[in-house]
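I have placed the structure first, in the form of structure tokens, so that the comments after it can refer back to it.
All of the numbers you see were taken from the coordinates with simple rules; none came from a lab. Remember, predicted model here, so these are calculated numbers, not experimental data. Virtual Cβ from ideal backbone geometry, glycine too; neighbours counted across all protein chains shown.
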Amino acid sequence: MRIKIETLGCKVNGVESESIAELFRKRGHEIVKDNADVVVINTCCVTGEAEAKSRQAIRKALKAGAEVAVMGCYGQLAPDTLKEIGVSVIVGTSERKSIVNKVEEIYNQHKSDSQALDMSNIYEDLPHVPSKTRAFMKIQDGCNGKCTYCIIPTVRGKSRSRSLKSIIQECQTLSDYKEIVITGINLGQYGTDLGLSLTDAIRTVLNNTSARVRLSSVEPDEVTEELINLIKDEPRICKHLHIPVQSCSDAVLKVMHRKYTVNDFKQMVNRLHDNIPTMMIGIDIILGFPSETDEMFEDTLNCLRELPISHFHVFGYSPRKGTLAAEMEQVSPIVKKARVDKILTLAAEKKSAYHDTLISSEVEVLTERTRKHFEGIYTEGHSSEYVKVYIKGEVPLNEIITVKLTEVFKDGIIGVVDN
Ligand code: SF4
């Protein structure tokens, strides 16, 4: 079969799609970009908008006449809707490996498949698939949280962790990689089911590879003292952490059912910065959440202005059907947009100020690709801090090289190779 795989949503979905593509390849099927017999759509439902995009992609593929198989969060959440639309195979967030058999079966029989979806409590190992320069290693799935805006625990189930043995096995296949990104749905919950912690998994990866290690995202209340010390002391851990704080108003955090206060978050960020001053600290922030007043928004704005945060993912709240927050009184779209715009302005200022602090410093860049920009050819890559670095000319790819940062350029900084 000619199989096309479309992915929506988060990095975890990206990793899982690559694994599924590899399973299809192993069975002798071809992964294609166009003219597919079957389109596998790995869906997302983290917001109402993500859900709509998933449905849109499914309808488009059906309209093109392909057999459609759906996996991922929206598949788990709304199998009945998907069956109504005409999707032949639906696999949710567990038993994903079964998609290959199911697709083969349906393709051969040309008949509709409909089944209730089970939710597993056991971590499902999916095979690793090579990507260009960075290997994404998923070590955790699901979440034990109860955030009022989030559908993830409903569609992915309780937190479950990959065994250290399985992590070691994957490490053995990654010797060509200079960087491994450790991912999960809620990474900080790694090990709660195995009597382990995230730092155990990180140490295991460090001990079994020679690559540098990046963490995808860790919840504010899960950035422990032990994790901070490990990031500080271990040169092979990237000096970059993404923290989904979502709001810096205690009142809003309470309505969101988040498990930390603004003060906890401030202390943690300052501790990170004091220990690792060059560290890139990124956040996710939701604006216009139900009950957020102008005053609460100003609290968030002022708090973020003060803190050493250099990268912002900004979201206007979008209600997700099936969550508590979707039933609450909503903030008007105009107010929401004004708040998003204000935070985006602050985000640009903070990013630029952070870049300024790095000028003249030396950083380690993973070289990823060569591209032309107005004046000439540049080799692009990311530093340990996840700053985009442009190196003039062509240098070997997939290497970690030391450069001196000289001036801001486009969305990053020019790096000059140290001779
Ligand atoms: S911590 Fe909250 S927002 Fe994150 S996945 Fe769990 S329930 Fe969703």
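With a Cα-only, solvent-free Debye model of region 239-357, what are the log10 I(q)/I(0) values at q = 0.10, 0.18, 0.19 Å⁻¹?
-0.29, -0.91, -1.00
Cut-off is 10 Å between beta-carbons; in what order do 327, 18 appear when sorted fewest neighbours first?
327, 18
Where is the GNM fluctuation largest for the chain (alpha-carbon springs, 10 angstrom cutoff): 230, 174, 77?
230
Taking neighbour counts of Cβ atoms within 10 Å as a proxy for exposure, in what order, fewest first, do 318, 88, 352 appear?
352, 318, 88
Mind grabbing the base-10 log of I(q)/I(0) for the chain at q = 0.14 Å⁻¹? Debye formula, identical points on the C-alpha positions, no solvent, two decimal places.
Ignoring solvent entirely, the Cα scatterers give -1.42.
Taking the alpha-carbon set of region 154-280, what are its Rg and Dmax in Å?
15.4, 48
For Cα pairs less than 8 Å apart in space and 6+ apart in sequence, what is the mean separation divided by the residue count of region 289-381, i.e. the relative contact order in percent?
27 percent.
State to the nearest 20 debye the size of the charge dipole of region 1-111 about its Cα centre, where the only charges are +1 on K and R beta carbons and -1 on D and E beta carbons.
140 debye
Taking only Cα atoms and a 10 Å spring cutoff, compute GNM fluctuations for the chain and point out the largest among 187, 344, 198.
344
Counting other beta carbons within 10 Å of each residue's own, what order do 296, 328, 137 fall into, fewest first?
Numbers: 296 19, 328 16, 137 23.
With the sparsest Cβ surroundings first, the list reads 328, 296, 137.
Project the alpha carbons of region 276-418 onto their principal axes and report the range along each, largest first, in whole Å.
Reported extents, whole Å, longest axis first: 56, 30, 28.
Could you tally the net charge around residue 51, taking each other residue with its Cβ under 9 Å from the Cβ of residue 51, Lys/Arg +1 and Asp/Glu -1?
+3
Give me the net charge for the shell around residue 163: Cβ to Cβ below 15 angstrom, other residues only, Lys and Arg +1, Asp and Glu -1. Provide the component values of the computation, followed by the final result.
Details: positive: 138, 160, 162, 165, 203; negative: 124, 125, 141, 170, 193, 200.
My count for the surroundings of residue 163 gives -1.
Over all Cα pairs of region 359-417, how is the pair count split among 10 Å bins, expressed in % and running from 0 up to the last occupied bin?
Using 10 Å bins, I get a P(r) of 28, 62, 10 for region 359-417.
Determine the alpha carbon to alpha carbon distance for each of 83/321; 259/336; 4/165; 178/232 and list only those over 21 Å.
Those over the limit are 259/336; 4/165.
Report the FRET efficiency, 1/(1 + (r/R0)^6), for residue 302 and residue 369, where r is their Cβ-Cβ distance and R0 is 45 Å, rounded to 0.05.
About 0.70, to the nearest 0.05.
Over region 120-238, what is the relative contact order in percent, taking alpha-carbon pairs closer than 8 angstrom and at least six residues apart?
Relative contact order of region 120-238: 26 percent.
Considering only 231, 90, 359, give the residue with the highest GNM mean-square fluctuation for the chain, with springs between Cα atoms whenever their separation is below 10 Å.
359
If contacts are Cα pairs under 8 angstrom and at least 6 residues apart, what is the relative contact order of the chain in percent?
10 percent
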